[in-house]
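S.K.: Here it is, the structure, as structure tokens.
The values are calculated or read from the model by the stated rules, or taken from the named source; none is laboratory data. Keep in mind that this is a model prediction, so the values were computed, not measured. Note: areas computed on protein heavy atoms with side chains; ligands, DNA, RNA excluded. Shrake-Rupley method; radii C 1.70, N 1.55, O 1.52, S 1.80 Å.
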Amino acid sequence: MTAGKKRILHVHHGTAFGGAPTSLTRLLTGLDRTRFESILALPAAGALSRRFQSIGVPVFTGPIAPFYY
């Protein structure tokens with residue numbers, strides 16, 4: 001982490017493309033990277049994790065509790 005940057009952990013419970021990942025992609029591409037360092041947690045690697053890695057966001061995978069609404 002560079003001095004002065006705020007580190008943000010974003011957690012997404014799914015692995016499929018949809019509205020939430022689209023919104024998250026827009027948020028992450030719009031954040032000022034001179035001020036913020038984003039990190040993303042996903043339940044598994046795959047196409048979704050590759051999308052975020054392609055825009056320069058480090059992705060960590062591991063168990064994440066399911067979210068139901």
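S.K.: What number, in percent, do you get for the relative contact order of the chain if the mean sequence gap of Cα pairs under 8 Å and at least 6 apart is divided by its residue count?
M.R.: 38
S.K.: Follow-up. If one computes P(r) from the Cα atoms of the chain, what percent of pairs lie at distances over 20 Å?
M.R.: The proportion of pairs with Cα distances above 20 Å equals 26 percent.
S.K.: Keeping the other protein chains in place, figure out the carbon and sulfur percent of the accessible area of the stretch 3-65, with a 1.4 Å probe.
M.R.: Whole-percent figure for carbon plus sulfur exposure: 58.
S.K.: Let me ask another. Enter the angle in degrees (range 0 to 90, nearest 10) between the Cα long axis of helix 19-30 and the first principal axis of the Cα atoms of the chain, meaning the one along which they spread out most.
M.R.: Around 10 degrees separate the two axes.
S.K.: For Phe60 and His13, compute 0.36 nm times the residue count separating them, minus their Cα-Cα distance, and round to one decimal in nm.
M.R.: Result for the pair: 15.7 nm of gain on full extension.
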